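Remarks on the structure that follows.
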Amino acid sequence: SAYFKSVLREIFLFEPLQLEKRGERRAEAEKLLAQAQEAGEQENIDKFSKRLVKVTKQHNEECKRLLTLMGVPYVEAPCEAEASCAALVKSGKVYATATEDMDGLTFGTTVLLRHLTASEAKKLPIQEFHFSRILLEMGLTHQQFIDLCILLGCDYCGTIKGIGPKRAIDLIKQHGSIEEILVNIDSNKHPAPEDWLYKEARSLFLEPEVIDGPSVDLKWNEPDEDALIQFMCAEKQFSEDRIRNGCKKITKSRQGSTQGRLDTFFTVTGSISSKRKEPEIKGSTKKKQKTSATPGKFKKGK
């Protein structure tokens with residue numbers, strides 16, 4: 001990835017293997033992919049195609065082995081990876097959550113980065129979202145933002161039929177909560193799911209099972225070049241020149257300057273102003289760190 005060429009330090013999170021849950025998500029992703037293809041929505045086509053990638057326990061174990069040989073720390077999340085990413089950010093251990101899943105904001109990460117792991121060929125600018133600014137600009141509390149996300153659709157429950165994004169925002173601003181919305185809308189025109197578990201979904205976002213951020217010990221080491229050659233070339237048939245060049249990039253990145261902003265290394269767009277000085281994150285080190293929870297890029301542990 002491009003960030004191995006920068007002085008940003010990366011951390012990867014793995015979440016538990018949940019075969020039944022993954023099967024349900026794959027079925028839903030197949031349906032949503034078909035809808036996106038029919039509508040010609042390329043961003044959603046890419047999004048749901050990634051969800052159809054089959055990741056096995058062996059894949060995850062090999063990813064962990066690779067990270068260890070590269071000297072990159074990883075963390076085992078007890079549940080949703082994005083939730084533990086948010087916990088690390090809020091504890092000051094890292095700067096941002098890097099993910100394509102906007103649930104990172106719903107879990108309360110203060111800074112979220114998108115497209116950080118996109119290939120250089122795509123030339124996608126890094127998008128940086130600051131949750132406090134989003135809430136301020138939308139005029140919502142964190143709990144109201146969660147209710148909005150539930151109305152728009154989440155992984156944990158269904159949603160009210162016939163409520164689109166604009167109507168959902170208007171309803172939240174007018175009534176303040178899903179409970180009040182249910183009292184005030186036409187249930188015949190906009191029926192809610194039977195035994196709707198929106199309260200349970202809200203609780204999962206507000207109080208998720210996460211790692212203890214302050215107690216996490218993060219340590220980066222120099223890459224073990226010989227072991228990487230054995231693993232990636234002898235066992236996986238990668239080009240030796242490619243692996244050795246990769247090791248040089250990692251080593252060089254860790255010898256670089258410890259000062260600088262994210263937009264020093266990448267093109268950044270989104271809710272960040274280049275003219276406004278960003279507040280320092282309490283407990284952060286000189287080198288900005290980030291967690292990565294990107295589907296298909298080591299996040300989803302088994």
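List of remarks:
- Of all the listed residues (I178, I211), the sole one being touching a residue at least 24 places away in the same chain (Cβ under 8 Å), over 30 Å from G71 (Cα atoms) and not small (G, A, S) is I178.
Yes/no per residue for (1) without any contact (Cβ under 8 Å) to a residue 60 or more places away in the chain; (2) among the charged types (D, E, K, R); (3) part of a loop (DSSP other than H, G, I, E, B):
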position: T117; (1), (2), (3): no, no, yes
position: F129; (1), (2), (3): no, no, no
position: L136; (1), (2), (3): yes, no, no
position: D147; (1), (2), (3): yes, yes, no
position: I150; (1), (2), (3): yes, no, no
position: C154; (1), (2), (3): yes, no, yes
position: C157; (1), (2), (3): yes, no, yes
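- Checking T159, T99, T117, T109 one by one, the residue that is β-branched (V, I, T), surrounded by 12 or more Cβ atoms within 10 Å (Cβ to Cβ) and at pLDDT 95 or above is T109 and no other.
- For the stretch 186-199, the criterion of a residue being out of contact with any Ser or Thr (no Cβ under 7 Å at 6 or more places or on another chain), of a type outside the set (A, V, I, L, M, F, W, C) and under 28 Å from S84 (Cα atoms) is satisfied by at least one position.
- Condition check for I11: at pLDDT 75 or above and under 27 Å from E222 (Cβ atoms): yes
- Out of Q237, Q230, sole residue that is on the phi > 0 side of the Ramachandran plot, more than 28 Å from the chain's Cα centre (by Cα) and of a type outside the set (A, V, I, L, M): Q237
- Helices (runs of 4 or more DSSP H) within the stretch 173-255 that include 2 or more residues hydrophobic (A, V, I, L, M, F, W, C), crowded, with 16+ Cβ neighbours inside 10 Å and modelled with pLDDT of 95 or more: 178-184, 198-206
- Looking only at the stretch 164-188, and only at residues there that are out of contact with any Leu (no Cβ under 6 Å at 6 or more places or on another chain) and of a type in the set (A, V, I, L, M, F, W, C), the one that is nearest to M138 (Cα to Cα): I169
The values are calculated or read from the model by the stated rules, or taken from the named source; none is laboratory data. Owing to the predicted nature of the structure, the values given are computational and were not obtained by experimental measurement. Here the Cβ is made from the backbone with ideal geometry for all residues, glycine too, and neighbour counts use every protein chain on show.
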